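The values are calculated or read from the model by the stated rules, or taken from the named source; none is laboratory data. Values in this document were obtained by computation on a predicted structure and should not be read as measured data. Using ideal geometry, Cβ is built from the backbone for each residue, glycine included, and neighbour counts are taken over all protein chains shown. For the accessible areas, the whole protein counts, side chains as well, though only heavy atoms, and no ligand, DNA or RNA atoms are used. Shrake-Rupley method; radii C 1.70, N 1.55, O 1.52, S 1.80 Å.
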Amino acid sequence: TVTNNAPTQFPVGTNLVTWTPTDVNGNSATCLQRVIVRDNLAPAISCPAHILANAAAGQCSSNVTFIVTATDNCGTVTNIVSVPASGSAFPVGVTTVTNTATDSSGNRTVCTFTVTVRDTQLPTITCPVDVTVNVNAGLCVATGVALGSPTTGDNCGAVTVTNNAPAQFPVGTNLVTWTATDVNGNTATCLQRVIVRDNLAPA
């Protein structure tokens, strides 16, 4: 008669089963069998939904925190690595975050999500000082007026500057609108006055 002590469930690892044959006269002997159970199942990982954030004040990035969770069939997950890591400074634009969960048996699972950082901050612009000029000789307008240059700034770098100045300024007070546009399409404006005087006596 042969018996063994095998359990109904074998845990992960090396398990020893003892086999015992017994003859009709009560003599018995034993031998050992190894049952090796491997964990080949990857952990389950859960990424957050895609994240949308605004750039921090005065910055072209945002420090974004998030939580990635994972579970495993054989207990706890030993390691979860996110690249970039939670709390990193994410630049304006779309960044893909890759997350890897590893269990105690070396099985891995990966999930990804995106962090989108928007630049909602307007550039700054300070207009040149107001300009006062005289009309051109024999004309009732001023041309070639030197307007100067505005002072600009932005949290994300370069700024493009335009204005709506005409080629000719009539007598009186003329308003010139200066527009600063940053690389993300945000705009700001300021006004400069161009005052044209008629200093020519009549003929």
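For segment 148-162, name all the residues that are surrounded by 16 or more Cβ atoms within 10 Å (Cβ to Cβ) and either in a loop (DSSP other than H, G, I, E, B) or of a type in the set (S, T, N, Q) (or both). Working first, answer last.
Step one: filter segment 148-162 for residues surrounded by 16 or more Cβ atoms within 10 Å (Cβ to Cβ), giving 150, 152, 154-156, 159.
The answer is 150, 152, 154, 155, 156.
Which of the residues spanning segment 31-44 are over 30 Å from residue 101 (Cα atoms) and surrounded by 10 or more Cβ atoms within 10 Å (Cβ to Cβ)? Spell out how you get there, then give the answer.
To start, the set of residues in segment 31-44 that are over 30 Å from residue 101 (Cα atoms) comprises 31-34.
Matches in segment 31-44: 31, 33.
Pairs needed: first member in segment 57-86, hydroxyl-bearing (Ser, Thr, Tyr); second member anywhere, loosely packed, with under 13 Cβ neighbours inside 10 Å and not in a strand (DSSP E or B); C-beta distance under 7 Å; at least 6 residues apart or different chains.
Short answer, once both residue conditions are applied: 65/87; 86/65.
Of the conditions (1) open to solvent by less than 80 Å² (accessible area, probe 1.4 Å); (2) at pLDDT 95 or above, residue 13 satisfies every one except a single condition; which number is it?
Every listed condition holds for residue 13 apart from (2).
Does residue 119 fit the bill of being at pLDDT 95 or above and under 30 Å from residue 196 (Cα atoms)? It would help to see each step written out before you state the result.
Values: at pLDDT 95 or above: yes; under 30 Å from residue 196 (Cα atoms): no.
It is false that residue 119 is at pLDDT 95 or above and under 30 Å from residue 196 (Cα atoms).
Counting only residues that are open to solvent by 70 Å² or more (accessible area, probe 1.4 Å), of a type in the set (Gly, Ala, Ser) and in a strand (DSSP E or B), how many does segment 54-73 have?
0
Residue by residue through segment 16-27, note down the ones that are open to solvent by less than 80 Å² (accessible area, probe 1.4 Å) and not charged (D, E, K, R).
Taking segment 16-27 as the starting set, the residues that turn out to be open to solvent by less than 80 Å² (accessible area, probe 1.4 Å) are 17-18, 20-23, 26.
Selection gives 17, 18, 20, 21, 22, 26.
What are the pairs, 6+ residues apart or on separate chains, where a residue within segment 1-28 that is more than 23 Å from residue 105 (Cα to Cα) has its Cβ under 6 Å from a residue that is assigned to a loop (DSSP other than H, G, I, E, B) and open to solvent by 60 Å² or more (accessible area, probe 1.4 Å)?
These pairs meet every condition: 18/5; 18/30; 20/30; 22/1.
Among the residues of segment 80-115 satisfying the criterion of being polar (S, T, N, Q) and out of contact with any Ser or Thr (no Cβ under 8 Å at 6 or more places or on another chain), which is farthest from residue 62 (Cα to Cα)?
Residues of segment 80-115 that are polar (S, T, N, Q), as a first pass: 82, 86, 88, 95-96, 98-100, 102, 104-105, 107, 109, 112, 114.
Filter again for out of contact with any Ser or Thr (no Cβ under 8 Å at 6 or more places or on another chain), leaving 88, 105, 107.
On the way: 88: 8, 105: 36, 107: 33 Å.
That would be 105.
Quick check on segment 26-53: of everything there that is within 26 Å of the chain's Cα centre (by Cα) and part of a loop (DSSP other than H, G, I, E, B), which residue is nearest to residue 124 (Cα to Cα)?
Applying the first criterion (within 26 Å of the chain's Cα centre (by Cα)) to segment 26-53 yields 44-53.
So of that shortlist, the ones also part of a loop (DSSP other than H, G, I, E, B) come out as 47-50.
Values: 47: 38, 48: 35, 49: 34, 50: 31 Å.
Going through the qualifying residues, I end up with 50.
Among the residues of segment 87-116 satisfying the criterion of being open to solvent by 70 Å² or more (accessible area, probe 1.4 Å) and more than 8 Å from the chain's Cα centre (by Cα), which is modelled with the lowest pLDDT?
104
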